[in-house]
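Novice: Handing you a structure now.
The values are calculated or read from the model by the stated rules, or taken from the named source; none is laboratory data. Everything numeric in this text was worked out from a predicted model, so none of it was measured. Here Cβ is always computed from backbone atoms with ideal geometry, including for glycine, and neighbour counts include all displayed protein chains. The protein model used for the area step is the full one, side chains on, heavy atoms only, and it has no ligands, DNA or RNA in it. Shrake-Rupley method; radii C 1.70, N 1.55, O 1.52, S 1.80 Å.
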Amino acid sequence: MKFHPAVLMLLTWASAYVLFFVLPFTLEGRYMSLYGSLIQAVFLGTFCAGALVASRPSHQYPRNPAATTDFRMSDRLLMVGCSIAIGVLAIDMFESGNLLDLAASYAQRSDRATDLLRGAASDSSIWFQIGFLFYPAGYVYTVREIAFRPRPAPWRIALFGMAPSVMAALAMGGRGPLFFLIVFAVYAYALRRQVFPKAQKPVRRVGVRHGHAPARAAGPPMRKGRSPFRFGPGFKIAMGIVGTIFMIYFVQVFITRADGIGGVEMMFGAVGQRWGVSFNGHFSNVFYSLLGVEGTYMVFVFAWYWLQGIVMSNQIFTDYNGPMLLGTYGIDLVSAAMRRINGEFVADGFDRLLRMNVYGFVPSAFGSLYVDFKFFGLLPCFAWGWLTGVVYRNVKHGVDPRWLLLVPFVSVGIVMSLNNTPIGLSNGLMLHIWLLGAFFLSRPALRRQAAHGMAPVRPTGEPAGVLARRA
């Protein structure tokens, strides 16, 4: 982890504010109050306090090059979960007849959102409900395969990593599963540099002095050849093609939704009234002249999805006076259960948010916690910060490499706090259940030494047996 969780959280929110004031956003019928900004600061400070209680910013201690992780049991769990997700989502799509039909999938998604607003039980098929529980296993497998396997197999990435998320996106008519698949894949590739650090070439003394033989630094010889974290050109080209296809899909989803009300120009003209924000501020004419209406709309939409949490949470802190929704607002599975237990409670709470013109927009992690728990939400906020600090501390100590598996999910959870909490973000509760299952089923292990028959030794001088017992 490059940044301490507290630092990463502050950088994330600062970037959103900078983007909001630099780009030509203009609020239409909305406002950002000083009181709302102060409550935002309280939640931010609470998270940072929890992270700093667990750990302080520190440098990376050298890792034992022999320390590795045995993923055999966790691989079985994840592969079974991904296979189930692929099977049931395929059945759901063929039964619904919405295969590759973005307009029909979007209409179905809108119907589900309307049912949620009314507090009605979902009419989705049992196959979709099962797939909803299982497809997040693909995120975890993607990170495991790309980041931790010395030579990742493209077919395993495609089958167990990509396929569940792709099918979930098609079944739901959304782009969230594909977006997070790309994010976790990119992060996993970057993580390989920590899992497989470059071997340092031993220092050699050249020449003979006073009759002594040339001295050589202790330790196994450095293997020649390609570094483990480097992929071949073919793999990179393939990943670039896949990323381009996903980006085209993202854009097509936005275009399809705009076509539902008359096209991009009509949609762009209506966002001020519908979303409470427009793109007509300073220097907006530069964007229109350089990119045209459709290009400017894409810039507006992508930027708005990134930073709308600072606007919505401010309004929630300022105006929301409804009851605590007890997780119904921020966690998908809690919402689904509550709709069956007390649909009127769900409908009443969401109706208040609808009247505020907040329902349907991302509330940020802190806004979500406030709606669900009011100021009691500071307690899970502190616990969240503390847990991220624990992960940071264990990663920096470098004793047990299993902790690296958690890094992409902890970091993405912090960066996406502008959207929702980690367990409320795109079926995040199930994602973290699969993640913890994989983490606890994996076991620390030691690589065999290539030469000299020497036991691996930590930089502190601890032998491998001590390392294994401590891990």
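Novice: Ordering R355, R156, R192 from largest to smallest accessible area (1.4 angstrom probe), what's the sequence? Mind dumping the intermediate values first?
Specialist: Numbers: R355 160, R156 45, R192 0 Å².
From most accessible down to least: R355, R156, R192.
Novice: Between R151 and L34, what FRET efficiency comes out of the Förster formula 1/(1 + (r/R0)^6) with R0 = 41 Å and r the beta carbon distance, rounded to 0.05?
Specialist: Details: r = 55 Å, r/R0 = 1.35.
In this case the efficiency is close to 0.15.
Novice: Could you check the spin-label model distance between I341 and I237? Points 7 Å from the Cα along Cα→Cβ, value in nm.
Specialist: 5.5
Novice: OK, next. Taking region 1-35, which chymotrypsin sites (Phe, Trp or Tyr not before Pro) meet the DSSP loop condition and have no more than 12 other C-beta atoms within 10 Å? It would help to have the intermediate numbers written out before the result.
Specialist: On the way: sites: F3, W13, Y17, F20, F21, F25, Y31, Y35; in loops: F3, F25, Y31.
Passing sites in region 1-35 are Y31.
Novice: Using a 1.4 angstrom probe and counting only protein chains, how large is the accessible area of R63 in Å², to 10?
Specialist: Counting only protein heavy atoms, the figure is 70 Å².
Novice: Let me ask something additional. Report the gain in length on full extension from R76 to N285: 0.36 nm times residue separation, minus Cα-Cα distance, nm rounded to one decimal. Each step should come with its number before you reach the end.
Specialist: Values: separation 209, 0.36 × 209 = 75.24 nm, distance 5.49 nm.
69.8 nm is the gain from fully extending R76 to N285.
Novice: Please calculate the 1.4 Å probe accessible area of M266, with all protein chains present, and give it to the nearest 10 Å².
Specialist: 110
Novice: Using only the heavy atoms of the protein chains and a 1.4 Å probe, how would V358, V390 rank by accessible area, largest first? Please report the intermediate quantities before stating the final value.
Specialist: Working: V358 0, V390 20 Å².
The ordering from most to least exposed comes out as V390, V358.
Novice: Need one value: the accessible area of F439 in square angstrom, 1.4 angstrom probe, rounded to the nearest 10.
Specialist: Surface accessible to solvent at F439 totals approximately 10 Å².
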